[in-house]
Structures are given as structure tokens and as C-alpha cells.
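What follows is one structure encoded as C-alpha cells, with my remarks underneath.
The values are calculated or read from the model by the stated rules, or taken from the named source; none is laboratory data. No experiment lies behind these values; they were computed from the predicted model shown. Glycine also receives a Cβ, built like all others from the backbone with ideal geometry; neighbour counts cover every protein chain displayed. The accessibility values were calculated without ligands, DNA or RNA, using every heavy atom of the protein model including side chains. Shrake-Rupley method; radii C 1.70, N 1.55, O 1.52, S 1.80 Å.
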Amino acid sequence: MPSVLVVEDDPSIRQSLIEVLAEHGYAVRSVGDGFGALREVTQTPVDAVVLDLGLPDLDGGDALRMIRGISSVPVLVATARDDETEIIKLLNAGADDYLVKPFSGGQLIARLSAVLRRTSHVPPAGVAHTGPGARPAPAAEPLGATTVGELAVDPGARTAYLAGRELHLTRREFDLLAFLAHHTGQVVSKRRLLTEVWREPYVDDQTVDVHLSSLRRKLGERAAAPRYLLTVRGVGIKLVAPR
């Protein structure tokens with residue numbers, strides 16, 4: 001049974017989250033402040049954390065960075081802040097995904113399940129462990145090292161360099177860049193990215209948009225003046241060598 005720590009200061013919201021998670025087979029612990037969250041993560045490891053940002057003792061972003069300093073536990077941020085810049089900061093600080101309040105219980109379970117599939121050997125609640133007679137998951141297509149213009153991406157070493165300078169990417173940013181590099185010159189739809197990079201086709205497209213925006217910034221470009229990441233309106237995105 002996967003265990004989840006809910007960090008939420010509002011008692012009614014915290015209770016609602018606990019009930020939804022418990023109904024879907026998660027073992028749930030909860031705290032109402034940031035220092036309590038740090039204590040729980042340190043003393044009794046969990047499989048995932050659902051972290052509210054509006055905490056009474058710590059800003060949620062600071063709590064996230066402190067959790068990241070002591071643990072690699074997957075963190076799903078629950079926030080009322082829908083500003084893209086703020087969301088990018090959270091992802092760069094170590095969040096594995098985010099939900100903008102208000103959200104439904106179904107959205108919470110879908111996002112949490114996706115995070116657990118991507119980041120842990122622990123299967124989401126309701127998903128059977130692999131065992132005798134179980135159908136094996138299809139093997140992921142191996143990605144080789146790729147050079148596109150001055151951009152060099154090596155999935156094996158999980159490194160990316162631009163003009164000889166190493167890019168400091170989050171885990172998801174690197175996965176996204178490596179996939180696009182493997183399909184250089186091909187237009188890849190956001191649905192395909194969600195299915196093959198996020199491995200979750202039912203998450204909304206904004207998740208891809210936020211990561212692409214952050215990735216563009218680290219590549220030194222903007223959507224209005226692209227160099228490597230070209231948007232084909234209504235179709236998808238492709239990685240190309242700058243002209």
C-alpha cells in the first residue's frame with residue numbers, strides 16, 4: 001500500500017484529501033505545517049508528498065526546497081498560484097508535478113498515480129505488483145546520444161551541453177529534451193509527449209507547456225524567437241538545429 005504525506009494547514013481541506021486518498025487505497029499521514037512535514041519525511045519515509053504552499057510557518061516553496069535537501073521523495077504541489085513563472089520555479093526547485101486549486105479528487109488521484117509511476121518502484125494504489133503471470137510492461141525505446149547544432153544530449157549519462165556549457169535541467173526537463181533530441185526534426189504532439197515522456201496521456205497539455213517554457217529559457221530562447229524548439233501550431237513541437 002503506497003504511503004502519502006498530506007501537508008495542508010486547512011483542517012477541512014486536509015480531511016477531504018485524506019478521505020479521497022484513503023478511498024483509493026493509499027495509507028495517509030498528515031501534518032498542518034512545514035516543519036511538521038520535514039520531521040515526518042525525516043523520521044518515517046513515505047512514497048509521496050502532497051504539499052500545500054500556503055503553510056503557517058514556512059512558505060511552501062521553502063518547504064519544498066528543504067524537503068529536497070533531505071529526501072528524493074516525489075512531491076506533488078497543491079497551489080492556488082497559477083502564474084507560469086511561479087510554477088516553473090516550483091518545478092525547478094524539485095516538484096515532480098503540481099495541481100492548481102481548486103481541483104477534484106479525480107485529478108489528485110490521476111496526478112499522484114502518474115508521479116508514482118514515473119519516480120518510484122512502488123506502484124500506485126490499485127495497481128498490482130508485477131508477479132508470476134503478470135504481463136510485463138513494454139520496454140522503453142533506448143535513447144542514444146544526440147548532437148543537434150551546438151546542443152549535445154546524452155541520455156545514458158543524463159547530461160546536456162549547449163556550446164560546451166552544461167545545462168542544469170530538472171529530471172522532467174531532461175526527459176523531455178532527450179525525447180525530442182531522439183526525434184530531431186520530427187513534429188511531436190503534446191499528447192505523444194504526455195504518453196511517452198510523462199507516461200500519462202490524461203494530464204492536461206499545460207504540463208507540457210510549462211516544461212517547454214522552462215526548457216526554452218535554459219536554451220537561451222523564447223517561444224517568440226525560437227532557435228532549437230519550434231512550435232508547429234496545432235500539431236506539436238520539434239527540435240531542430242538553428243539556421
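Keeping the other protein chains in place, figure out the carbon and sulfur percent of the accessible area of segment 10-126, with a 1.4 Å probe. Answer for segment 10-126 is 51 percent, counting heavy atoms of protein chains only. If you take all other residues with their beta carbon under 12 Å from the beta carbon of I13, and give Lys and Arg +1 and Asp and Glu -1, the sum is -3.
The label point for A157 and the one for D62, both projected 7 Å from the Cα toward the Cβ, are 3.8 nm apart. In percent, rounded to a whole number, the relative contact order of the chain is 13, using alpha-carbon pairs under 8 Å and six or more apart.
For segment 11-130, the fraction of C-alpha pairs more than 17 angstrom apart is 54%. Listed values for segment 87-92 are Karplus-derived 3J(HN,Hα) couplings in whole Hz (6.51 cos²θ - 1.76 cosθ + 1.60, θ = phi - 60°), namely 5, 4, 4, 5, 5, 5, and x replaces Gly and Pro.
Mind sorting out which of (i) 56, 48, 33; (ii) 60, 54, 33; (iii) 55, 35, 33 is the real Cα extents along the principal axes in Å computed from the coordinates? Derived directly from the coordinates: (i).
Estimated from helices alone, the mean residue ellipticity of the chain at 222 nm is -11500 deg cm²/dmol (sum of -39500 (n - 2.57) over DSSP H runs with n ≥ 4, per residue).
A full extension of the chain between K101 and S3 corresponds to an added length of 33.0 nm, given 0.36 nm per residue minus the alpha carbon distance. For the pair R39 and E86 in one chain, pulling the backbone fully straight at 0.36 nm per residue adds 14.3 nm over the alpha carbon distance. With the simple spin-label model, which puts each label point 7 Å out from Cα in the Cβ direction, the E196 to A241 separation comes to 2.2 nm.
Roughly speaking, what is the stretch gain from V232 to A22, that is 0.36 nm per residue apart minus the C-alpha to C-alpha distance, in nm to one decimal?
Net length gain for the segment: 71.3 nm.
Mean separation of Cα pairs under 8 Å and 6 or more residues apart, divided by the residue count, gives segment 181-243 a relative contact order of 40 percent.
All other residues whose Cβ lies under 11 angstrom from that of R165 are scored, Lys and Arg at +1 and Asp and Glu at -1, for a net of -1.
When only Cα pairs below 8 angstrom with a gap of at least 6 residues are kept, segment 18-78 shows a relative contact order of 35 percent. Solvent exposure of the chain amounts to 50 Å² per residue of accessible area, where only protein heavy atoms count and the probe is 1.4 Å. List the lysines whose Cα sits under 25 Å from the Cα of K101, skipping any in the same chain fewer than 8 residues away. Straight-distance partners of K101: K89, K190.
Of the residues A48, I87, G185, the one whose Cα sits farthest toward the positive end of the charge dipole of the chain, with +1 on the Cβ of Lys and Arg and -1 on the Cβ of Asp and Glu, is G185.
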